[in-house]
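The values are calculated or read from the model by the stated rules, or taken from the named source; none is laboratory data. Please read these numbers as outputs of a predicted model, since none were measured by experiment. Glycine gets a Cβ as well: all are built from the backbone with ideal geometry, and neighbour counts include every protein chain shown.
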């Protein structure tokens with residue numbers, strides 16, 4: 001067999017065909033596959049984060065519902081501005097039931113408190129320590145939102161009354177505008 005130029009060109013073509021195929025086809029395709037793998041890994045990571053956030057959203061929805069229920073419960077404890085007089089009469093009767101003297105009440109101007117109003121009442125009562133303590137317990141157990149501020153307790157020299165207490169009782173209420 002003779003080995004000439006034609007055979008040499010054919011031999012070199014056959015040898016260079018895999019090298020040229022690797023350089024022009026396989027290496028670019030391999031680079032595309034690697035970039036696709038990186039992109040898939042990134043998207044899977046983002047999908048994992050999205051699943052975690054979605055699971056957290058369900059928890060936040062439940063927590064928001066619980067908070068809404070608590071707000072509605074607290075708002076139901078607020079009387080309307082029309083019911084404040086009833087609360088004042090109830091506080092007065094609680095003082096009498098506790099063995100204290102009929103309280104003297106002085107109403108001051110209602111104050112804005114967030115979305116609601118606050119009606120401060122300056123009160124003075126006299127009676128025994130036990131009666132005063134019972135009165136405070138009954139005020140605390142009222143279904144309405146109230147607070148006692150600026151309390152001053154004085155010891156009296158009288159046989160009939162042991163103490164004289166003056167304080168400000170604040171009643172929170174919803175301000176309903178008459179239509």
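A residue that is more than 28 Å from residue 133 (Cα to Cα), assigned to a helix (DSSP H, G or I) and free of Cβ contacts under 8 Å to residues at least 40 places away in the same chain occurs somewhere in the stretch 72-82. Exactly one residue among 140, 122 is within 26 Å of the chain's Cα centre (by Cα) and assigned by TED's automatic domain parsing to the domain that holds residue 160, and that residue is 140.
Residues in the stretch 149-173 that are touching a helix residue (DSSP H, G or I) at 6+ places or on another chain (Cβ under 7 Å) and farther than 11 Å from residue 119 by Cβ: how many?
Count: 3.
State yes or no: is residue 47 at pLDDT 90 or above, within 32 Å of the chain's Cα centre (by Cα), assigned to a helix (DSSP H, G or I) and farther than 30 Å from residue 146 by Cα? When the stated conditions are applied, residue 47 passes them. As a summary of the residue check, residue 151 satisfies the conditions (1) farther than 17 Å from residue 88 by Cβ; (2) more than 32 Å from the chain's Cα centre (by Cα) except for the one numbered (2).
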